[in-house]
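Here's the structure, in structure tokens; my notes come after.
The values are calculated or read from the model by the stated rules, or taken from the named source; none is laboratory data. Computed from a predicted structure; not experimentally measured. Virtual Cβ from ideal backbone geometry, glycine too; neighbours counted across all protein chains shown. The area values use the complete protein model at the heavy-atom level, side chains included, leaving out ligands, DNA and RNA. Shrake-Rupley method; radii C 1.70, N 1.55, O 1.52, S 1.80 Å.
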Amino acid sequence: MPKLFLLDLSFNRLRRFPWSSLKNASNILHLKLNNNEISNVDAYVDFPQSLTYLHLQFNRITTIAETFLHGFKSQKQTFYLRIWQNPLLCDCKIQWIVRLRRCVWEHRDEGCVNASPVRVMRCILAKCNFHPNGVAVILDWLQLDDKAIVKQRSSEEFLRCDSPQQLKGNLLRDVSLPTCASPSSSGSPQQTSSPDNAGIHESEKSPTETEPPTLAINSWERTTVKASEFSLFWKGQSL
């Protein structure tokens, strides 16, 4: 499907997505899986280099492995990942998201957020570049009005812990989580803190902002598919 640039599967009650099928969409730019019932994502995905926007918000995802994005090798060096409004389990597996959120917040006055996409990309690459392939992973909202700007969401849309109970409702950037032990390590796990001592990191309170408009895309070929049609559609197409 070389002419598929946008695939919209939102609001379809999908419980899973066949990530390996993305190999059939070599030029896809925008994948919308938001507002479904997806609870798991693969530990590693070989993403097409063209993919720039991945919508996973408003699902049932509890964790996202740090290796999930390791297969992403974009020439644009920018990847927009929307994962808010998911019941995130705050443990060592999402420590990479916590580290990224905290870093962006600490460098917010230097352009890592609330700035143009180019400035945000440069700031993240310079200050918060944790991706092994040198990709700026942007978790904030890309708003397109008179000019493009990457903005922090309103207080209701910030990334928060849903569990464990002692961290429920806390912003990810404010918590201290353990570091998972390396698979190759032996002996006791390496940790920055123990799970029982996971707590709140000192940080300023988040500002409240109004809801930005939904990202509009008018210039690309768009495909919207219902869940009942998805399997047949995906398998029936080839490059």
Task: Meets criteria (surrounded by fewer than 16 Cβ atoms within 10 Å (Cβ to Cβ) and in a helix (DSSP H, G or I)) for V104 - done: no
Open item on the list: Which numbered condition in (1) open to solvent by 50 Å² or more (accessible area, probe 1.4 Å); (2) hydrophobic (A, V, I, L, M, F, W, C); (3) within 13 Å of the chain's Cα centre (by Cα) is the only one that A43 fails?
Closed with: (3)
TODO: Kindly provide the set of residues from the stretch 107-120 that are touching a residue at least 24 places away in the same chain (Cβ under 8 Å), surrounded by fewer than 22 Cβ atoms within 10 Å (Cβ to Cβ) and of a type in the set (A, V, I, L, M), ordered by number.
DONE: A115
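K3: open to solvent by 50 Å² or more (accessible area, probe 1.4 Å) and in a helix (DSSP H, G or I), yes or no?
Here the answer is no, as K3 does not meet what is asked.
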Task: Per-region count, the stretch 51-61, residues open to solvent by less than 30 Å² (accessible area, probe 1.4 Å) and either touching a residue at least 40 places away in the same chain (Cβ under 8 Å) or not β-branched (V, I, T) (or both) - done: 6
Task: Criterion: crowded, with 19+ Cβ neighbours inside 10 Å, in a loop (DSSP other than H, G, I, E, B) and of a type in the set (F, W, Y) - qualifying residue of F72, F130 - done: F72
